[in-house]
Amino acid sequence: MSAQHQGNIAGPTNQAAFDFVKALALEMSAGKIEIPSFPDVAVRVRKVLADENCSAAQIARVVSAEPAMAAKLLQMANSALLNPNGTKITELKSAVARIGISNVRSASLAYAMEQIKNAKELAPLRKPLHDLWERSVKVAAMSYVVARSWTRVNADQAMLAGLMHGMGRVYILTRAVKHPELFADGSAYHQIVLEWNAQVAKAVLESWEISPEIIEAVEHYEDLERTGSGETDLTDVLTIANVLVSFHSDPPAMEMRLKEASAAVRLGVNAEDIQKVLQETAGELGSLRTALGG
């Protein structure tokens with residue numbers, strides 16, 4: 001990371017914020033991207049999934065080493081959104097085969113976040129971490145529905161992107177626990193999040209070897225004026241899902257924001273279409289959020 005960039009992102013002027021940004025910049029430039037209390041089994045799952053030739057049996061063996069993760073995966077496999085036929089799945093290998101690699105990653109991340117939220121060293125952050133994850137789960141479920149309803153984008157990949165869109169904020173928050181003075185100045189902390197979120201999220205996902213499409217979506221989804229060529233893409237889906245989650249309780253504001261979003265034009269959606277689909281999929285969305293822990 002360049003010294004010039006460090007200067008640009010060190011916007012808050014108080015010493016605590018400056019020290020925090022400096023430490024964060026050093027971590028990014030050194031490639032030390034580790035979220036505290038991230039469970040080993042989730043790392044092992046990530047590694048086995050990196051092999052394009054891994055089998056459902058291999059994945060099941062790794063997941064079965066941690067019963068809580070196995071339970072999370074089975075719960076996802078039996079959710080109404082991913083198992084519309086309602087056929088009960090009780091065996092891990094069958095669950096992996098049913099939901100696919102992207103959703104195994106999603107189940108692994110959901111399990112990991114539960115462990116992070118409950119870590120003793122992060123106890124002061126339990127509420128904000130819970131809120132961040134709850135929002136990520138909502139955006140993930142919404143991304144799935146948006147991708148499936150209006151695009152050819154892989155809905156499973158869209159859900160994973162939704163889960164991961166807040167990883168920059170999670171990383172910053174877990175680092176900020178050692179700087180309690182930052183939380184005394186809410187404006188300074190929020191300015192750091194605003195300026196760092198996209199870059200940190202990109203660094204985290206690159207270290208996890210996540211697909212470039214997801215990384216690009218997480219990096220650019222907040223840009224409502226982003227222009228795209230060709231078919232709608234994952235970034236468009238994440239942009240619209242984020243808008244819907246942000247303004248679901250304020251339909252007029254949602255409609256206004258959709259009119260400002262070039263992604264909505266590319267998807268060909270309007271507020272009326274969206275409300276209809278959300279009503280039709282409310283039960284499915286609820287079951288998926290429950291499975292993911294949101």
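Readers should treat all values here as calculations from the given coordinates under stated rules, not as data from a laboratory. Just so you know, these numbers come straight off a predicted model, no measurement behind them. Positions of Cβ are generated from backbone atoms using ideal geometry, with glycine treated the same way; all protein chains shown enter the neighbour counts.
Please report, in debye to the nearest 20, how large the charge dipole of the range 38-118 is about its Cα centre when each Lys and Arg carries +1 at its beta carbon and each Asp and Glu carries -1 there.
Details: 10 positive and 6 negative charges, 14 e Å.
Here the range 38-118 has a charge dipole of around 60 debye.
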Which residue fluctuates the most in the chain, going by a Gaussian network model with Cα springs under 10 Å, if the choices are 239, 87, 174? 87
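Determine the gain in length on full extension of the stretch residue 179-residue 152; use 0.36 nm per residue of separation and subtract their C-alpha separation, reporting nm with one decimal.
Values: separation 27, 0.36 × 27 = 9.72 nm, distance 4.40 nm.
Length gained between residue 179 and residue 152: 5.3 nm.
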Starting from the Cα of residue 227, step 7 Å along the direction of its Cβ; do the same at residue 260; then give the gap between the two resulting points in nm. 2.0 nm
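How long is the gain from residue 198 to residue 52 if the chain were fully straight, where each residue apart is worth 0.36 nm and the alpha carbon distance is subtracted? Display every interim value, and only then the final one.
Working: separation 146, 0.36 × 146 = 52.56 nm, distance 2.76 nm.
49.8 nm is the gain from fully extending residue 198 to residue 52.
Quote the charge dipole size of the range 160-259 about the Cα centre in Debye, to the nearest 20; the model charges only the Cβ of Lys and Arg (+1) and of Asp and Glu (-1). Write down the numbers at each step before the final one.
On the way: 7 positive and 16 negative charges, 77 e Å.
Once rounded to the nearest 20, the dipole reads 360 debye.
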Integer Hz, Karplus 6.51/-1.76/1.60 couplings in order for the range 228-243, x for Gly and Pro: x, 10, x, 5, 4, 10, 5, 4, 4, 4, 5, 4, 5, 4, 5, 4
HN-Hα J couplings of the range 123-138 from phi, Karplus 6.51/-1.76/1.60, θ = phi - 60°, integer Hz, Gly and Pro as x? 3, x, 9, 4, 5, x, 5, 4, 5, 4, 5, 4, 5, 4, 5, 5
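Counting each DSSP H run of 4 or more residues in the chain as -39500 (n - 2.57), what helix-only mean residue ellipticity at 222 nm follows after dividing by all residues, to the nearest 500 deg cm²/dmol? Could the numbers behind the result be given before it?
Working: 17 runs with 208 residues, N = 294.
The helix contribution divided over the chain gives -22000 deg cm²/dmol.
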Pulled fully out, how much extra length does the chain show between residue 275 and residue 30, if you take 0.36 nm times their separation in residues and subtract their Cα-Cα distance? 83.6 nm
Which residue fluctuates the most in the chain, going by a Gaussian network model with Cα springs under 10 Å, if the choices are 261, 241, 184? 184
For the chain, build the charge dipole from Cβ charges (+1 Lys, Arg; -1 Asp, Glu) around the Cα centre, then report which of 113, 59, 164 sits farthest towards its positive end. 59
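Could you give the dipole magnitude of the chain about its Cα centre, charging the beta-carbon of Lys and Arg +1 and that of Asp and Glu -1, in debye to the nearest 20? Walk me through the numbers on the way to the answer.
Working: 29 positive and 34 negative charges, 184 e Å.
Value, rounded to 20: 880 debye.
Give the order of 93, 138, 178 when sorted by the count of other beta carbons within 10 angstrom, beginning with the fewest. Can you show the working numbers first?
On the way: 93 17, 138 22, 178 11.
Ordered from fewest to most neighbouring Cβ atoms within 10 Å, 93, 138, 178 come out as 178, 93, 138.
For a footprinting-style exposure proxy, rank 177, 45 by other Cβ within 10 Å, fewest first. Write out the running numbers ahead of the final one.
On the way: 177 17, 45 25.
Ascending Cβ contact count within 10 Å gives the list 177, 45.
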Estimated inter-spin distance, residue 22 and residue 248, nm [label 7 Å along Cα→Cβ]: 4.3 nm
